[in-house]
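Enquirer: Quick one: the structure is below, and I'll ask about it shortly.
The values are calculated or read from the model by the stated rules, or taken from the named source; none is laboratory data. Values in this document were obtained by computation on a predicted structure and should not be read as measured data. As a convention, Cβ positions derive from the backbone with ideal geometry for all residues, glycine included, and neighbour counts pool all protein chains shown.
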Amino acid sequence: MQLKNDVYRKARGGKAFFMRLFCAKCTAEVFLYQKDGDGQLKRCYLNRIFEPPELERLQHDIRLRDPEHIPALTCRTCKTVLGMPIRHHDGRIAFRLRQGFFTKKRVPSHERRQ
């Protein structure tokens, strides 16, 4: 897996890493996400999701122009709602995460090279 780069990476601190998000209720893994910079995780952009494939494919679906066409982000095992789709002020579609409904774990650098 390669980190995704864009023109704003330095403005966000130049730090990027992978993290896995888990459901706080049943501890099932929800997705693998590229986090840029320091700070709290409040929203997840579709173009930064790497796994699972069904969530990764959402970013390439041209039919999804509006957040209303995207289902809420739910845990696959217990169906807890973890986030709601929104359109960020820069135009990208993201999931606004519900704080306290997920846990996160940073992926070590040697593990992401596989």
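Enquirer: Being under 11 Å from the mean Cα position of the chain (by Cα) and without any contact (Cβ under 8 Å) to a residue 12 or more places away in the chain: is that true of GLU51 here?
Expert: No, not satisfied.
Enquirer: Right, next: May I ask you to list the residues in the stretch 60-76 that are surrounded by 15 or more Cβ atoms within 10 Å (Cβ to Cβ) and not in a loop (DSSP other than H, G, I, E, B)?
Expert: If the condition is that a residue be surrounded by 15 or more Cβ atoms within 10 Å (Cβ to Cβ) and not in a loop (DSSP other than H, G, I, E, B), then PRO67, LEU73 are the ones that fit.
Enquirer: Take ARG57 and decide whether it is among the basic types (Lys, Arg), outside any strand (DSSP E or B) and modelled with pLDDT of 85 or more.
Expert: Spelling it out, it is not the case that ARG57 is among the basic types (Lys, Arg), outside any strand (DSSP E or B) and modelled with pLDDT of 85 or more.
Enquirer: For the stretch 64-87, which positions are more than 17 Å from TYR33 (Cβ to Cβ), in contact with a Pro (Cβ under 6 Å, 6 or more places away or on another chain) and modelled with pLDDT under 85?
Expert: If the condition is that a residue be more than 17 Å from TYR33 (Cβ to Cβ), in contact with a Pro (Cβ under 6 Å, 6 or more places away or on another chain) and modelled with pLDDT under 85, then PRO67 is the only one that fits.
Enquirer: Kindly provide the set of residues from the stretch 92-101 that are modelled with pLDDT of 90 or more and surrounded by 11 or more Cβ atoms within 10 Å (Cβ to Cβ), ordered by number.
Expert: Scanning the stretch 92-101 gives PHE95, ARG96, LEU97, ARG98, PHE101.
Enquirer: Go over the candidates LYS104, LYS79, LYS35 one by one and state the one that is on the phi > 0 side of the Ramachandran plot, basic (Lys, Arg) and either surrounded by 12 or more Cβ atoms within 10 Å (Cβ to Cβ) or assigned to a loop (DSSP other than H, G, I, E, B) (or both).
Expert: LYS79
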